[in-house]
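Input: a single structure, listed below in structure tokens.
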Amino acid sequence: MKNKACAVLALLAFSCAPASGSVRTVVLDVEHSSFGRERMTFSEGETVRFLVRNGDPIDHELIIGDDEAQRLHEEGTETHHGDKPGEVTVPAGATAETTYTFAEPGTLMFGCHLPGHYRYGMKGIITIEA
Amino acid sequence: MKRGSWLGVTAVFLVLVSAGPASACGGLVNPNGTVSLVRTTTMVGYVDGVEHYVTSFEFAGGGAEFGSIVPLPGVPSKVERAGDWTLQRLVEEVQPPVALEDGAEAAATAGSAGAQVLLETRIDALDITILKGGGDEVGRWARENGFSLTPDAPEVLDFYAQRSPVFMAARFDPAAAAADGQNVGDGTPVHLTIPTPNPWVPLRILGLGLGREASVEADVFLLTEGIPEMLPAPAQPSDRDGLLLERSEEAPRALLSDLRSDKGMQWIPASDMWFTYLRIDTTAGALDHDLAIDATGRSDPSPVAAGLATPVRLPDLDDDASFTPWLVAFLVGVGALALSKYAWDRA
């Protein structure tokens with residue numbers, strides 16, 4: 001039952017509500033160390049505000065970037081993110097946000113690099129369409 | 001299930017889970033500590049509605065605290081130090097040392113994060129806390145008390161909490177161990193007495209934090225008054241991996257006698273027991289269930305207890321006082337309608 005509820009939430013989370021200007025908001029409901037979504041698609045030049053709601057009793061983070069960026073974060077030792085666009089730490093049970101502009105068409109990744117989380121499957125692909 | 005439904009049934013089972021160095025019966029939740037719980041061995045005995053849960057924690061040394069979480073089928077009425085050699089004797093029963101072959105026969109407070117702390121006690125260098133709460137609540141309590149949860153912990157805690165929201169958190173205090181003169185490799189046995197009508201053996205917790213492809217190897221021993229019905233049903237040893245039935249036979253009287261002579265183990269019957277040895281050899285990803293054992297004599301192990309089905313939530317007549325008036329009103333209404341129809345028909 002809870003899984004079904006999570007699936008519904010995940011679907012609802014990606015019904016992107018129009019925001020002021022050209023920024024739209026995408027809500028990511030994290031549950032059981034999963035973003036509830038393995039793929040997202042945006043348009044070139046689009047600015048997106050990611051609202052990450054952590055329903056788990058453990059910390060998570062959202063890191064957006066290419067493979068090299070993901071590798072650096074996986075091997076890095078930063079314990080907190082929030083200053084750079086597309087990078088945010090979300091404490092247990094909390095909500096945090098980050099805004100990112102997808103400047104060029106192509107493919108990026110999103111994921112969580114707290115110990116073991118990326119390998120556990122907390123990651124996905126972002127496609128930026130021209 | 002009410003206690004009364006077990007009348008006439010004196011099923012007894014005894015379970016020992018002996019996990020190898022790569023796994024543990026409790027989920028290790030602080031892998032970054034310098035102390036390693038190299039093996040956790042657990043025995044569960046069930047006699048006339050009361051489960052006796054015996055587990056032992058061993059550590060490899062170091063200077064940091066280390067914790068473990070074990071899901072329980074009910075709230076313990078007693079937590080105490082167990083006998084010194086019960087677990088070792090059971091392991092010896094199926095893994096006899098070669099050198100011995102010829103002579104072997106011879107108070108409740110609310111936690112800040114919502115989890116309810118039912119009991120706190122110290123056994124040797126182990127700080128034991130019995131918790132009651134949902135997966136999120138227990139996870140928050142663990143986090144606030146210095147436990148570091150692995151990424152699979154939220155799902156696993158929910159998996160157990162929806163069937164029984166009771167957990168044991170055990171934390172080794174190496175400074176206290178040193179002060180007590182404990183050496184590396186020493187085990188601290190713990191005995192929990194748990195009244196419950198629905199016993200089960202937690203298996204999925206063995207894979208907590210290991211990764212889906214990691215190997216899980218463990219031994220499960222059952223001692224029952226009859227041949228036990230289990231869910232999932234074990235496979236034959238020729239299948240090589242999974243839950244394998246290695247032995248199924250009448251329990252040796254010497255084993256029962258030895259177990260009964262250890263501290264606090266007199267609840268084990270002296271004779272007429274059935275001995276079953278199950279070997280687990282699988283991966284953490286495949287071990288997504290527990291082991292249900294039917295102790296009622298109905299040959300009907302519960303899919304819910306095995307973790308193969310989600311429990312159906314119904315109003316609890318004992319706890320939900322608001323439900324009772326509605327039920328009474330409903331029954332009165334149905335009765336009134338029946339009487340009206342009866343009167344109408346007779347008229």
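The values are calculated or read from the model by the stated rules, or taken from the named source; none is laboratory data. Predicted model only: the values in this text are computed from it and were never measured. Cβ placement follows ideal geometry from the backbone for every residue including glycine, while neighbour counts extend to all protein chains displayed. Accessible surface areas use protein heavy atoms only, side chains included; no ligands, DNA or RNA. Shrake-Rupley method; radii C 1.70, N 1.55, O 1.52, S 1.80 Å.
Which of the aspartates and glutamates could be linked to B:Lys263 by a straight reach, that is with a Cα gap under 17 Å, when you skip same-chain ones fewer than 8 residues away?
Correct list for B:Lys263: B:Glu51, B:Glu80, B:Asp84, B:Asp124.
Relative to the isolated chain, which residues of the range B:111-142 have their accessible area cut by 40 Å² or more in the presence of all protein chains (1.4 Å probe, heavy atoms, no ligands or nucleic acids)?
Residues passing the criterion (a loss of at least 40 Å², heavy atoms only) are B:Asp136.
Do any residues of the range A:29-74 lose at least 50 Å² of accessible area when the full set of protein chains is present rather than just their chain alone, and if so which, with a 1.4 Å probe?
Going by heavy-atom accessible area, the residues of the range A:29-74 that drop by at least 50 Å² are A:His32, A:Pro57, A:Ile58.
What is the spin-label model distance, in nm, from B:Asp180 to A:Val23 if the labels are put 7 Å beyond Cα along the C-beta direction?
5.6 nm
Across peptide B:152-159, what mean number of C-beta atoms from other chains lies inside 10 Å of a residue's C-beta? Please list the in-between numbers first.
On the way: counts 6, 5, 11, 8, 1, 3, 6, 2.
Partner-chain Cβ atoms within 10 Å, mean over residues of B:152-159: 5.
So if I take the centroid of the Cα atoms in the range A:83-100 and the same for the range B:149-191, what is the distance between those two points in Å?
Centre-to-centre distance over Cα atoms comes out at 32 Å.
Chain pair A, B: how much accessible area is buried, both chains summed, with a 1.4 Å probe, in Å² to 100?
Buried area (both sides, nearest 100 Å²): 1100 Å².
What's the local net charge at B:Arg240, with K and R +1, D and E -1, over the other residues with C-beta under 13 Å away?
For residues surrounding B:Arg240, the net value is -4.
Multiply the residue separation of B:Val312 and B:Thr193 by 0.36 nm, subtract the distance between their alpha-carbon atoms, and state the gained length in nm to one decimal.
40.2 nm
So, taking all protein chains as they sit and a 1.4 Å probe, how much accessible area belongs to B:Lys263, in Å² rounded to tens?
Approximately 120 Å² of B:Lys263 is accessible to the 1.4 Å probe.
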